[in-house]
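Please treat every number below as a calculation from the coordinates, not as lab data. Nothing here was measured: the structure is a model prediction, and the numbers come from that model. All Cβ positions, glycine included, derive from the backbone under ideal geometry; neighbour counts span all protein chains shown.
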Amino acid sequence: MLNIFRKNIYLQIVLLLAIAALLWFRIFLHPLPTPDFGGGQLYYLLTDHLPPIISAILALLLIVLEGVLISTMMYRHKLISQGTLMPLLFYMLAMSVVSPTLTPILLGNLFIILAISQMMVTSTLLSINIDKTFGAAACISLATLVCPTMIVFLIPMIFNMFNYSLYSLRDWTMVLLGLLAPYILLETIYFVNDEMFYRNYLLYYTLSDLNLKVGGNTMDWVGSGCFLMLLVAGLLHLAASSQNNTVNYKTNSAAVVMFLLGSLAMVPYTQAFPIMTQAFAIPFCFTSTILFLDSKRKEAFWNIILFAIIVIFILWNIL
């Protein structure tokens with residue numbers, strides 16, 4: 001199975017279509033309603049009165065789009081040495097479990113993926129221009145309007161500024177303008193519609209109501225534990241392998257790790273998902289892809305593990 005994801009793009013597409021059908025056929029038969037909690041003002045603006053079946057279709061399309069964006073980004077920025085759709089596989093598995101519908105995290109992840117891409121470099125000069133800095137900040141700000149808990153990604157954004165030695169007043173000004181731009185646009189819409197006071201009250205309430213979730217049954221805790229173990233293994237492998245690679249690989253790995261830590265910081269504030277796989281989805285697909293693609297030894301063992309992960313996720317959705 002690993003050889004398929006290393007060499008044959010056509011078999012990958014067929015395999016992914018089959019897995020998607022198994023994961024989502026029950027969802028399309030009994031679609032879940034669009035969540036009415038955990039989202040921001042932009043999320044409710046986009047999903048208001050959305051039928052469950054349309055929500056399910058849009059969710060699957062967004063998952064595929066985001067998985068392809070991650071796959072393309074990893075290949076373009078030399079985090080993986082060859083074209084593969086394995087990131088799409090892991091992302092689709094993580095996002096299709098527990099709450100397979102158009103959730104705030106699913107919409108917010110689109111902006112977070114774009115922010116990660118903006119904060120990576122493609123040249124050996126290791127430089128990021130002002131447009132990219134502004135774009136990354138604006139994407140994170142848009143993500144908070146869709147899913148308020150994603151405000152924690154501001155922390156890795158600041159760390160990445162230091163990672164690329166962006167110390168000038170001009171750079172920090174562009175970050176501030178990028179963060180403010182989506183909110184200024186939203187405030188303008190509220191002002192034109194004479195809803196500024198009411199909508200701002202809702203926005204403040206949503207951003208301030210980040211309650212910790214502690215609960216779940218034994219299976220939830222076991223699932224979270226296994227998920228975290230695989231995630232930590234991938235992070236350790238990413239850190240170790242970046243020591244003996246190109247300058248681009250080292251710097252971009254640092255950028256990715258910072259955003260992965262942002263995902264982990266978001267997890268305790270996620271109220272909607274028992275195993276929280278959707279909060280883990282971006283770091284899960286990054287680290288698992290690198291871990292499995294670089295597993296040159298004991299390939300039979302890694303093939304069994306990959307097959308077991310796919311089967312467990314499919315059975316979880318079916319049963």
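Quick notes on this one:
- Förster radius 30 Å - calculated FRET efficiency between F25 and L46 (Cβ-Cβ, nearest 0.05): 0.70
- Using alpha carbons only: equivalent-ellipsoid semi-axes of the range 1-70, gyration tensor based, whole Å: 30, 15, 8
- In terms of other Cβ atoms within 10 Å, K7, K132 run from fewest to most in the order K7, K132.
- Rounded to whole numbers, the Karplus 3J(HN,Hα) couplings from phi for the range 292-299 are 7, 5, 8, 7, 7, 9, 6, 5 Hz, using 6.51 cos²θ - 1.76 cosθ + 1.60 with θ = phi - 60°, and x at Gly and Pro.
- Loop sites in the range 22-110: chymotrypsin sites (Phe, Trp or Tyr not before Pro), DSSP, at most 15 other Cβ within 10 Å: F37
- 3J(HN,Hα) along the range 178-185, derived from phi through the Karplus expression 6.51 cos²θ - 1.76 cosθ + 1.60 where θ = phi - 60°, amounts to x, 5, 7, 3, x, 5, 5, 5 Hz, with x in place of Gly and Pro.
- Here the Karplus curve 6.51 cos²θ - 1.76 cosθ + 1.60, taken at θ = phi - 60°, turns the phi angles of the range 47-52 into couplings of 10, 4, 6, 7, x, x Hz, with x standing for Gly and Pro.
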